[in-house]
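S.K.: One structure, pasted below without further comment.
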Amino acid sequence: MPRKIQITNWALDSYLALKGTAFDDHDYRNRLRPDVELLRDWPHDPRFKVSSFWGPAEDMRNKRIDGGYKMKWHNLGPGRSELRLCVAIVQRWPDEVFLCHAYTKDSAHKDSREMATLKNKIQLIEAGRVRIRGSL
């Protein structure tokens with residue numbers, strides 16, 4: 001059975017903030033959306049075995065964050081940005097994938113901060129304290 005992709009309030013907010021600067025409509029329609037839709041078949045689609053596209057989220061001590069993952073795009077948009085989408089797949093809802101937030105990676109320090117944010121969001125999702133704005 002395919003997984004349901006949940007769009008959280010955090011994901012929608014980050015999408016709106018990044019649209020037009022980190023990516024445009026063409027990037028969204030032709031790269032981002034089709035790649036995100038692959039999450040319905042996680043972990044079976046072969047792209048999830050490609051480390052430059054998908055990987056586990058890790059904290060600043062390189063410890064894996066339970067239920068946390070990153071979807072990655074390189075050279076995206078007019079600024080040739082490295083875009084990351086934080087994704088949560090938690091035990092409480094095994095048939096759902098939660099899009100948490102996206103950001104442009106411009107330093108290892110920023111990446112660490114975003115992983116700390118993801119860790120907090122996963123705790124909120126597990127506690128049922130998340131606003132869903134839509135689903136795919």
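S.K.: List, in the order given, every pair from K49/K72; K49/K110; K19/K49; K70/K110 whose Cα-Cα distance in the structure shown is over 18 Å.
M.R.: Those over the limit are K49/K110; K19/K49.
S.K.: How would you rank T117, T104, T8, going from fewest to most other Cβ atoms within 10 Å of each one's own Cβ?
M.R.: T117, T104, T8
S.K.: If one computes P(r) from the Cα atoms of region 4-135, what percent of pairs lie at distances over 26 Å?
M.R.: In whole percent, the long-distance tail amounts to 15.
S.K.: Give the order of S14, S107, S135 when sorted by the count of other beta carbons within 10 angstrom, beginning with the fewest.
M.R.: S107, S135, S14
S.K.: Quickly work out the S52-to-D24 label distance, labels modelled 7 Å from Cα along the C-beta direction, and quote it in nm with one decimal.
M.R.: Between D24 and S52, the simple spin-label model gives 2.4 nm.
S.K.: Over region 4-135, what relative contact order in percent results from Cα pairs under 8 Å that are six or more residues apart?
M.R.: For region 4-135, the relative contact order is 34 percent.
S.K.: Using a simple spin-label model with points 7 Å from Cα along the Cα→Cβ vector, what separation in nm is obtained for D66 and R33?
M.R.: The answer from the label model is 3.6 nm.
Rule-based calculations on the coordinates, nothing more; no lab input. Remember, it's a predicted structure, so these values are computed and weren't measured experimentally. Reconstructed Cβ throughout: ideal geometry from the backbone, glycine too, with neighbour counts over all protein chains shown.
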